[in-house]
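Since every read-out is calculated from the coordinates, none of them should be taken as a lab result. Quick caveat: nothing in here was measured; it's all calculated off a predicted structure. When we count neighbours, we look across all protein chains shown, and the Cβ atoms used for this are built from the backbone with ideal geometry, even at glycine.
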Amino acid sequence: MPTYEHLRKEDPEIFAALTGEMRRQQDGVELIASENYISAAVMETMASVFNNKYSEGYPGRRYYGGQEFTDQAETLAIERAKTLFDAGHANVQPHAGAPANIAVYFALLEPGDTVMSMDLSHGGHLSHGHPVTYMTKIFRFVRYKMKDPETGAIDYDAMRTVARQEKPKILLAGFSSYPRELDYAAMKAIADEVGAITMADMAHIAGLIAGKALRNPFADGFDVITTTTHKTLRGPRGGMILTRTPEIGQKIDKAVFPGFQGGPIMQMVAAKAVAFGEALQPEFRVYAQQVIRNASFLAAFLMRNGVKLVTNGTDNHLLIIDCIRSWNLSGGAVERVLDQVNITTNKNMIPDDPRKPMDPSGLRIGAPAVTTRGMREPEMEILGTFMLRAIEHRGDPATLRDVREEVTAFCRKFPVPGAQA
């Protein structure tokens, strides 16, 4: 791993922050569902000389000279992404997931067009048209929800009724805090009925789809898929847009560049290629399956111990805890308790949450990062026990100190890629 000797000499303050973060990651449990660890190979590529090169345009069609090796790297990323997700076209240049979504809107919509997406409190994402975002000043967004938060079932009949009334141009499947799998075939049928384009934001579950552990929306005829390249995919922070046909892909390419972004971040594009290559290996499928097994096991353990989960379980990598019903605490309060014992989580809204987003009723946890460290079902029970002890004894500093020390000792048995201080 890097020694950071040059950073140590040139900027000791940033070096101290970096080494502090290394220790935090190694000595703590990462249960934030959207976080993961990259391999040493991906990390090396991110800190490479590709950072020095401007590459506006696309392979073979650049605005600058000297593109022999950048074209090679981006072409590898594109071809590996297409293979990984059975796509007809891939754009690997988006800087993040939200810009990828925005580029699709710009490519396929006119101002004032309607998008139908999941309600934020029921699991949707800000970039799917939350009122605080600028996209709502350009496009109309209408919502669908779960009909029963006890099971997670989506009300597809209500979705069809709203779609017939609102005539969305895009029907968007995707989420950031929904623990079940969507019925892409049902959504595709509704979209076809009203003439809508189908778009799936798989940012959270891309690795699980790539690893054949969850269904690929393209298998049910979806037109466009957007994703981040980190999270379950274990790549660098960035975004990607996949299309079923090259025809839609051409519109996407124009929207990304020059329509929305400038030059690609070439070291990140190259690192995406490395991560996609890793995800094509047989062991990645083993990883994806284990993520789901770990999440399901942890969910069952918590429920057996009286914890209330939204949808009463999970089909994917994440769980949503109703902290009010479990402990009469807000999600923010539980997050702060777990922070004290080196267990990192994030507060999260529950369906139709009456509380404010900065102090909601729920807590979101997930299994991708701990699975990357090699933890399996027995470790999920240990982690669940740590969580319950800390919450139950939240007013006892001595117990919290003991749990923190136990968490640290436990974590050191499972090294973090790239986080050795």
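Taking amide H positions as modeled 1.01 Å from N, with prolines and chain starts lacking one, the residues under 5 Å from Leu309 and 5 or more places away or on another chain are Asp322. Rounded if a/c is under 1.5, else prolate if a/b is larger than b/c, else oblate: which is the stretch 44-165, with a ≥ b ≥ c the root eigenvalues of its Cα gyration tensor? Judged from the Cα gyration tensor, the stretch 44-165 comes out prolate (a/c at least 1.5, a/b above b/c). The mean sequence distance of close C-alpha pairs (under 8 Å, at least 6 residues apart), as a share of the length of the chain, puts its relative contact order at 24 percent.
For the stretch 1-107, relative contact order (Cα pairs under 8 Å, six or more residues apart, normalised by length) works out to 10 percent.
What is the stretch 260-339 by shape, rounded, prolate or oblate, if you read a ≥ b ≥ c off the alpha carbon gyration tensor as root eigenvalues and call it rounded for a/c under 1.5, prolate for a/b larger than b/c, and oblate otherwise? The shape class here is oblate.
In plain terms, the chain from Lys356 to Asp396 could stretch by 11.6 nm, reckoned as 0.36 nm per residue minus the Cα-Cα distance. Projecting the Cα atoms of Leu208, Val142, Ile321 onto the charge dipole of the chain, computed from C-beta unit charges around the Cα centre, puts Val142 farthest toward the positive end. Each peptide among 27-38, 327-338 gets the average number of other Cβ atoms lying within 10 Å of its residues, and from highest to lowest they stand as 27-38, 327-338. Each Cα pair under 8 Å and six or more residues apart adds its separation to the average, and for the stretch 130-182 the resulting relative contact order is 25 percent.
Around Lys53, under 15 Å between beta carbons, what's the net of Lys plus Arg minus Asp minus Glu among the other residues? Neighbourhood net charge equals -3. Under the rule a/c < 1.5 gives rounded, and otherwise a/b versus b/c splits prolate from oblate, where does the chain land using the Cα gyration tensor? In terms of gyration-tensor shape, oblate. Computed from point charges on the beta carbon alone (+1 for Lys and Arg, -1 for Asp and Glu), the dipole magnitude for the stretch 44-279 about its Cα centre is near 280 Debye. Any idea what the alpha-carbon Rg over 2.2 N^0.38 Å comes to for the stretch 44-279? Relative to the rule-of-thumb radius for its length, the stretch 44-279 sits at 1.00. Packing order of peptides 154-160, 351-357, 93-99, 249-255, highest average first: 93-99, 249-255, 154-160, 351-357 (average count of other Cβ atoms within 10 Å over each peptide's residues).
Since only Ile252, Gly221, Val49 are under comparison, the one whose Cα sits farthest along the positive direction of the charge dipole of the stretch 44-279, derived from C-beta charges on Lys, Arg, Asp and Glu, is Val49.
Highest mean packing first, where packing is the average number of other Cβ atoms within 10 Å per residue, the peptides 386-392, 143-149, 343-349 line up as 343-349, 386-392, 143-149. Summing Cβ point charges (Lys, Arg +1; Asp, Glu -1) relative to the Cα centre of the stretch 1-125 gives a dipole of roughly 220 debye. How much of the DSSP bridge set in the chain is antiparallel, in percent, rounded to the nearest 5? Of the beta bridges lying entirely in the chain, close to 55 percent run antiparallel.
Past 30 Å, Cα to Cα, is the threshold; run Lys231/Lys413; Lys53/Lys413; Lys272/Lys308; Lys254/Lys347; Lys137/Lys167; Lys53/Lys169 against it and keep the listed order. As for pairs spanning more than 30 Å Cα to Cα, those are Lys53/Lys413; Lys272/Lys308; Lys254/Lys347; Lys53/Lys169. Averaging the Cα positions of each part gives two centres, and for the stretch 324-385 and the stretch 250-265 these lie 37 Å apart. With neighbour counts taken as other beta-carbon atoms within 10 Å, the residues Tyr184, Tyr54, Tyr63 rank, fewest first, as Tyr63, Tyr54, Tyr184. Taking 0.36 nm per residue of sequence separation and removing the Cα-Cα distance, the Ile382/Ala189 pair yields an extension gain of 65.1 nm. Would you give the gap between the C-alpha center of the stretch 38-117 and the C-alpha center of the stretch 165-197, rounded to a whole Å? Cα centres, the stretch 38-117 to the stretch 165-197: 25 Å. A dipole drawn for the chain from +1 and -1 charges on Cβ atoms has a positive end, and of Phe386, Leu31, Met118 the residue lying farthest that way is Met118. In a simple Cβ point-charge model (Lys, Arg +1; Asp, Glu -1; nothing else charged), the chain has a dipole of about 160 debye relative to its Cα centre.
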